């Protein structure tokens, strides 16, 4: 009787292994998505708060142009 159930047991074990692998891939995919969202939020906050280099340079350029306009008037 035990020999009759062995093929069935191995089939169920294979199915269980494949399901576990699919769940592992899904968890990895979700983790990558969460990481990308965190990176996007970090960049969004830096840009909107004016912390990034480009915004700082634009502020400096704007101040220089305002000084030049005041001196011309």
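Derivation of every value follows stated rules applied to the coordinates shown; laboratory data play no part. Keep in mind that this is a model prediction, so the values were computed, not measured.
Based on alpha-carbon positions alone, could you give the equivalent ellipsoid semi-axes of the chain from the gyration tensor, as √(5λ), descending, whole Å?
Here the semi-axes work out to 66, 6, 5 Å.
Which value in deg cm²/dmol, rounded to the nearest 500, describes the helix-derived mean residue ellipticity at 222 nm for the chain, given -39,500 (n - 2.57) per DSSP H run of n ≥ 4 and division by the residue count?
Values: 2 runs with 68 residues, N = 73.
About -34000 deg cm²/dmol.
Suppose the chain between residue 70 and residue 45 were pulled fully straight at 0.36 nm per residue; how much longer would it get relative to their current alpha carbon spacing?
Contour length minus Cα-Cα distance gives 5.7 nm.
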